[in-house]
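The values are calculated or read from the model by the stated rules, or taken from the named source; none is laboratory data. Since this is a predicted model, take the numbers as computed values, not measurements. For neighbour counting, all protein chains shown are included, and Cβ atoms are generated from backbone atoms with ideal geometry for every residue, glycine included.
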Amino acid sequence: MNMKRKLKMGLIGLSAAFLVACSSSGDKLTIGTDAAYAPFESLDGDKIVGFDVDLLDAVMKEAGLEYEIKNTGWEPLFIALKNEEVSAGISAITINDKRKKTYDFSSPYFESVNMILAKEGTSIKSAKDLEGKKVSVQNGTTGQEALEKMFGKNENIKKFDNNTLAIQALLNGEVEAVVADNAVVQEYEKNNPDKKLVTISDKDSFESEFYGIIFPKGGEHQDEINKALKKVIDDGKYTEIYKKWFGEEPNVDVLKQ
């Protein structure tokens, strides 16, 4: 009788574990983003659109994972990752050593470099010309880090919650320039010819950087998502998405180094 009871309880335990596992595997993963960084992620009405969004969709389909994308905002995204409130994030996030101490990353999916956005007729020709001038950046980005590395932390570096507000500060005359990722400032200049803006490249001062999908340290599904990302890059789907958003062929070889 005692043996039968133990066997019965064991079977119940196994059944419960099985049901929990099935329920967990059926849950959608929540992926965080900051939808204020076109053309990577932005809002079209109440829908999040952009290069990152299309790439994520292709990767998750390849991995066979159900997901939902959530507009968390920039700094709240990193808090949500730490607290494991989201399974991952995709938001033009640069892979660097500082972030790798706290988070895990996929392999690179985009090469970028910081660039200067200013008004037509500006005297700014390179990053060194930003010294002593008011410059806006999105808080917590590599644009901010690059300026602070060059000029130290100072009151002329104006930090904003998102890149839209940083650019608005330039349009309002509050700053003389914006420093942000090249694809972002080039896209804004192209789509807003009436604003009379120019982009200024300085690859001697701004190093190339790479974006990756970000995960909580030791989080689940990293291997599946990373394998799927590599497959999407290799099979041509990445190129298709890149050309849709940027109108040119990507250099996929640099992502494989």
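Descriptive notes on the structure:
- Considered as a group, the residues in the range 36-54 that are charged (D, E, K, R) and surrounded by fewer than 21 Cβ atoms within 10 Å (Cβ to Cβ) include one that is farthest from residue 236 (Cα to Cα), and that residue is 46.
- Pair list, Cβ < 9 Å and 6+ apart or interchain, from the range 198-216 residues that are basic (Lys, Arg) to residues that are not in a strand (DSSP E or B): 203/113
- Any hit, the range 190-199, residues being on the phi > 0 side of the Ramachandran plot, assigned by TED's automatic domain parsing to the domain that holds residue 140 and either in contact with a strand residue (DSSP E or B) (Cβ under 7 Å, 6 or more places away or on another chain) or modelled with pLDDT of 95 or more (or both): yes
- The residue of the range 139-168 that is surrounded by the most Cβ atoms within 10 Å (Cβ to Cβ), among those that are among the small types (Gly, Ala, Ser) and within 20 Å of residue 126 (Cα to Cα), is 166.
- In the range 121-155, the residues that are small (Gly, Ala, Ser) and at negative phi: 123, 126, 127, 136, 143, 146
- Scanning the range 111-152 for residues that are outside any helix (DSSP H, G or I) and among the charged types (D, E, K, R), we see that the one that is nearest to the chain's Cα centre (by Cα) is 111.
- Screening residue 200 with (1) touching an Asp or Glu at 6+ places or on another chain (Cβ under 9 Å); (2) surrounded by fewer than 18 Cβ atoms within 10 Å (Cβ to Cβ) gives one miss only, at (2).
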